[in-house]
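The structure appears below as structure tokens.
The values are calculated or read from the model by the stated rules, or taken from the named source; none is laboratory data. Keep in mind that this is a model prediction, so the values were computed, not measured. Glycine gets a Cβ as well: all are built from the backbone with ideal geometry, and neighbour counts include every protein chain shown.
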Amino acid sequence: MGELFPDPVFTGILVVFAVSVLRAYAGRARLSAWKLALIGIAAGYIIPHSLAYITRAWRVQPGLPELPVVTGDQLLFGAWMAIFVLAIGLRPNQPPSVPLWVGLLVGLATIIIFPPLVDRLTGSFQRASLRPDLNHCADWVMDQAQPWQVTNICDEQITVGLCLPHEENPAPCAQIHTILPGATARFDPGGAQLSWAPSNLNGSTVVACRPPARPSRMLSVMGRGYDGVCLPPG
């Protein structure tokens with residue numbers, strides 16, 4: 001889906017656990033395995049797509065405030081923490097010892113507090129804090145695997161960055177342009193070609209962000225090569 005919405009597989013698994021825990025809190029019988037499997041598959045498909053649709057529909061409505069950015073990682077980790085706390089309070093043939101509001105409060109606190117805390121401890125922005133990558137809005141012109149020009153093909157303003165090999169999160173790219181819909185910006189890639197595995201792991205990266213997020217660069221999830229990323233405002 002391209003904008004850091006929850007992973008469908010983990011969303012489905014999470015919903016299955018949530019349904020099981022909530023039914024236990026309500027004193028209801030467990031669902032059969034096939035029913036839980038159907039619930040998980042449906043949730044994995046419906047929830048991420050629904051969030052993506054609602055978010056994009058909200059942004060195109062004039063006069064509405066900007067939605068706070070909550071990434072898929074934040075949502076999933078907060079939900080897992082809430083379910084974990086509630087599950088601790090379950091005992092066979094006994095009423096739950098942890099109220100539902102406590103679990104919800106722990107999940108909300110995790111979403112709000114955990115990402116900036118980890119960022120501060122590590123000295124760089126972690127993936128739970130990253131903002132959506134809008135590279136689908138950037139039409140790059142390449143010259144021998146070196147990007148040097150980009151056009152904004154979306155109907156919203158974007159901030160585009162070219163990060164060279166010596167630039168890395170938490171610092172933003174040195175070459176950044178904020179461009180209006182239909183406008184074009186030029187970059188100087190020097191001698192750096194794009195990062196790609198397995199032959200050019202330490203190459204340059206490109207990324208397009210929604211202002212005021214800032215383009216930057218960091219190791220890929222697999223630790224091989226670099227990805228362009230969008231840092232939170234700061």
Query raised in the report: Does the stretch 83-94 include one or more residues that are crowded, with 20+ Cβ neighbours inside 10 Å, basic (K, R) and either under 17 Å from the mean Cα position of the chain (by Cα) or not assigned by TED's automatic domain parsing to the domain that holds Q193 (or both)?
Result: no
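Here are some residues: N152, N135. Which one is modelled with pLDDT under 90 and surrounded by 14 or more Cβ atoms within 10 Å (Cβ to Cβ)?
Values: N152 fails: modelled with pLDDT under 90.
Just a single option satisfies the conditions, and that option is N135.
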Report task. Select from the stretch 154-176 the residues that are outside any strand (DSSP E or B) and free of Cβ contacts under 8 Å to residues at least 24 places away in the same chain and write down the one among them that is farthest from C230 (Cα to Cα). Result -> H166
Report task. Only residues that are of a type in the set (S, T, Y) and buried (at least 16 other Cβ atoms within 10 Å of the Cβ): list them for the stretch 190-203, please. Result -> S195
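What about V206, is it under 20 Å from the mean Cα position of the chain (by Cα), aliphatic (A, V, I, L, M), assigned by TED's automatic domain parsing to the domain that holds R224 and surrounded by 13 or more Cβ atoms within 10 Å (Cβ to Cβ)?
yes
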Query raised in the report: Would you pick out the residues in the stretch 190-203 that are under 27 Å from the mean Cα position of the chain (by Cα) and in a loop (DSSP other than H, G, I, E, B)?
Result: Q193, S195, A197, P198, L201, N202, G203
Query raised in the report: So which pairs qualify, if the first residue must be in the stretch 20-35 and at negative phi, the second must be surrounded by 10 or more Cβ atoms within 10 Å (Cβ to Cβ) and modelled with pLDDT of 85 or more, the Cβ gap must be under 6 Å, and the two must be at least 6 apart or on different chains?
Result: V21/I83; V21/L86; V21/A87
Report task. Among what's in the stretch 209-234 and is in contact with a helix residue (DSSP H, G or I) (Cβ under 8 Å, 6 or more places away or on another chain) and assigned to a loop (DSSP other than H, G, I, E, B), pick the residue that is surrounded by the fewest Cβ atoms within 10 Å (Cβ to Cβ). Result -> V221
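Considering only residues that are of a type in the set (S, T, N, Q) and either under 14 Å from the mean Cα position of the chain (by Cα) or surrounded by 18 or more Cβ atoms within 10 Å (Cβ to Cβ) (or both), which ones fall in the stretch 108-123?
Start the filter on the stretch 108-123 by keeping residues that are of a type in the set (S, T, N, Q), which leaves 110, 122.
T110, the sole residue that qualifies.
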